[in-house]
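The values are calculated or read from the model by the stated rules, or taken from the named source; none is laboratory data. No experiment lies behind these values; they were computed from the predicted model shown. Neighbour counts run over all protein chains shown; Cβ positions are idealised from the backbone, glycine included. SASA here: full protein model, heavy atoms, side chains in, ligands and nucleic acids out. Shrake-Rupley method; radii C 1.70, N 1.55, O 1.52, S 1.80 Å.
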Amino acid sequence: MTQSQIQLTLPDGSVREYAAGTTGLQVAASIGKGLAKAAVVIELDGEVRSLQLPIDASASIKIHTRESSEGLMVLRHSAAHVMADAIKRIRPNAKLWKGPPIEDPRYGFYYDIDFGDEPISQDDFAEIERLMREIIKQDVPFTLSTLERAEARALMVENGETYKVAIIDKLPEDATITFWTNEPFVDLCKGPHVPSTGSIGAGVAVLSLAGAYFEGDAGNKMLTRIYGHAFADKKAMEAHRKNLEEAQKRDHRRLGVDLDLFSTMGDLGAGLILWHPKGGFVRHKVEEFWRHQHLDGGYDFVNSPHIAKRDLWATSGHLDFYKESMYSGIDIDGSEYLLKPMNCPFHVQIFKSKRRSYRELPFRWAELGTVYRYENQGSLHGLLRVRGFTQDDAHLFLREDQVEEEITRCLHFVIDMLRAFGFEEYEMNLSTRPEKSVGDDAGWEKATNALRVALESVGLGYVIDEGGGAFYGPKIDVKIKDSLGRTWQCSTIQCDFSLPERFDMNYVDADGNKTRPVMVHRALLGSIERFFGVLVEHYGGAFPVWLAPTQAVVLSVGERHADAAEALARRCKEQRLRVDADTSGWKIGAKIRHHLWQEKIPLVAVLGDNEIDAGTVAVRSRKDGDLGTMTIEEFSEMLRKHERERC
RNA sequence: GCUGCUAUAGCUCAGUGGUAGAGCACCUCCUUGGUAAGGAGGAGGUCGUGGGUUCAAGUCCCACUAGCAGCUCCA
């Protein structure tokens, strides 16, 4: 093989020979015309690269089409350039900062721009999109160029791109400064890009606009971030829009109003939740289940007040670390009391209320404790981010030799609990020691190891979040995936080296010596408010029979069936089944539509002449459709079965 | 907290300085029905709150409160 020949290994293992300097596009074309057309980028020895660049050395090669996630990332990056190009045409004085694609495929790409005194609004989106389509239609090639630092700087100064100049000035001495051009637009950029604007296709849209701090620092000036999205084709874009609509229909804030579950408005203040009777009932069922699980799991229940003297929070360290998110004091008899942001200091006080022996450990103390934290107004969000919420908190006080087993138990406990609510997929994180932290290396090592052993025992895989631990100890976070594939963080298991020290906790060990217990914080559902919000979105408001505030409605067909319907509902209620009767004058079709589809009640039981004669009901399920007729005994047994089996 | 947007009936929304509107929901009546909307009528609003401009403000301006999309933060 001469030096001017290179060998490219395809993903299927076959090897092809090309002249050095052949472009990715030419390689794709040599494999197939269709591939050349669909290709947007290649991967050479794992590095994603533009198709239009020459390949100089032998490598393994993979050609990504617009369908692959790598291909879409590049497509979106290129679309960001086209959007910037379009924006500069209507706002020539706008200064560009950065415009990357976004890893999470729910979002596409954005560009952060300083519009100065010529702001942009949503009304401009249509024009930006029109210009983008025009640029895409013109099929302008994306070309790479490299400039000397001085030239690069001069070019950006000339274009008025002060932010880009700043980026250049920050680049290391030996950095290669590259630009990508799609005439007439030039952008300081590493690439890679699609071959030409035409490759972006018709699946683009400008979607929203928001503020974003320069360099992501809240101390800096705020720029305008414009979000867009790009897909392989128009159809995929439409599918994405449909998805967004579906998510919107499931939005717990909307369902909270529609189904009369809870409210956040009213005159009580931001981030505070009113639980209406129906939401309150679901919460009751969740908490009832939670209590039963904890009793079975060897926990004891404790309770603590909402306020405590300032000193308690000074000792615990909360005042040092979280002062700005704690509510200001209440004066009681000349002492300052603070609203509790956490339950742990109280549980520590319970531990300290008497001398503890190693024989008593482990303690597993659980509390549904309501805490208050000041959250920035702008981050409040329905039930998911609030200022007052109830944690399903528990603290374990352990001997060192119990840590590994207890943490493993905890993690299994979490999974069992989440499964009951239909969450089957998890993402687990192990967060290790951050820079600013307390405790010694050996302690961190031991605790982190105990968490790792627990994670390995459940065998669901995990990701290490280096330095992501709390200042007082390492932690495991469990994220759940809902029915739309979105992830939510609820559960956390955290080791704590700080509080036992700060509160000088100890127990008497087998040798009669005072010994520090190990403390573990854990929350399974996290915040009941937040978990309920996730649950509403997960089920789309259609709670399963065991959780539903109303499990079934008996529908009378005509006036003469009203008494029988009322009687049946009453009989069910006597058996603690949550069954109502609808004896209104509506037609049967309208009743079914209302209860099953609008109120999202799991079951309806139709009662007319036929059923009364036979002593049956005609049952229809929201989930499974027509269940046919069944005796009243069979009907109530079915409800009881759902209740028992939590489905 | 920051940037932008928003606030009209229980809900969704229309109303571009000159006497507050629709659909759904609600109430009443008619209809007494057979598996995803029967019909008629009625009631319901200090237009988020407080200031200002104007002969006149739901509409324009300012502040506050609350919400939305992000950003920052999240023990």
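Restricting everything to alpha-carbon atoms, can you work out Rg to Rh for segment A:70-249 with a Kirkwood hydrodynamic radius?
Working: Rg = 16.1 Å, Rh = 16.7 Å.
Rounded to two decimals, Rg/Rh equals 0.96.
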Radius of gyration and Dmax over the Cα atoms of segment A:63-152, both given in Å: 14.5, 44
Normalised per residue, the volume of the convex hull around the Cα set of segment A:294-539 (Å³): 135
Evaluated over chain A, the Cα radius of gyration and Dmax, each in Å: 31.0, 96
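Quick one: accessible area per residue over chain A, 1.4 Å probe, rounded to a whole number of Å²?
On the way: 30870 Å² over 647 residues.
Averaged over the residues of chain A, the accessible area is 48 Å².
Of all the accessible heavy-atom surface of segment A:552-645, with the other protein chains kept in place and a 1.4 Å probe, what percent is carbon and sulfur? Before the final figure, lay out each step's value.
On the way: 2500 of 5210 Å².
Summing carbon and sulfur atoms, their accessible area is 48 percent of the total for segment A:552-645.
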Pairwise label distance in nanometres, A:Asp320 with A:His412, each label 7 Å out on the Cα-Cβ vector: 3.8
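Of the listed peptides A:373-383, A:550-560, A:274-284, what is their order by residue-averaged count of other C-beta atoms within 10 Å, with the highest listed first? Intermediate values should be presented prior to the final figure.
Values: A:373-383: 14.6, A:550-560: 20.6, A:274-284: 16.7.
Taking the mean over residues of other Cβ atoms within 10 Å, the ranking is A:550-560, A:274-284, A:373-383.
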Debye intensity ratio I(q)/I(0), log10, segment A:5-65, q values 0.15, 0.24 Å⁻¹ (C-alpha model): -0.34, -0.96
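For segment A:552-645, what Kirkwood radius comes out of the mean inverse Cα-Cα distance, in Å? Don't skip to the end; give the middle numbers.
Details: mean 1/r = 0.0772 Å⁻¹.
About 12.9 Å, per the Kirkwood formula over Cα pairs.
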Separation of alpha-carbon centers, segment A:15-61 and segment A:571-647, rounded to whole Å: 63
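Within a Cβ distance under 13 Å of A:His276, other residues only, what is the Lys/Arg minus Asp/Glu net charge? Numbers along the way, then the final one.
Working: positive: A:Lys278, A:Arg283; negative: A:Asp258, A:Asp260.
Once positives and negatives cancel, what remains is 0.
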Cα centroid of segment A:336-385 to Cα centroid of segment A:288-326, whole Å: 1
Accessible heavy-atom area order of A:Glu173, A:Glu161, A:Glu424, A:Glu435, highest first, probe of 1.4 Å: A:Glu435, A:Glu173, A:Glu424, A:Glu161
Degrees between helix A:125-138 axis and first principal axis of chain A (Cα, 0 to 90, nearest 10): 40
Alpha-carbon centroid distance for the pair segment A:93-149 / segment A:490-504, whole angstrom: 47
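What order do A:Met326, A:Met83 take when sorted by accessible area (1.4 Å probe), most exposed first? Present the calculation step by step, with values, prior to reporting the outcome.
On the way: A:Met326 20, A:Met83 0 Å².
From most exposed to least exposed: A:Met326, A:Met83.
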Acute angle (nearest 10 degrees) that the helix A:632-645 long axis makes with the longest principal axis of chain A, alpha-carbon atoms: 60
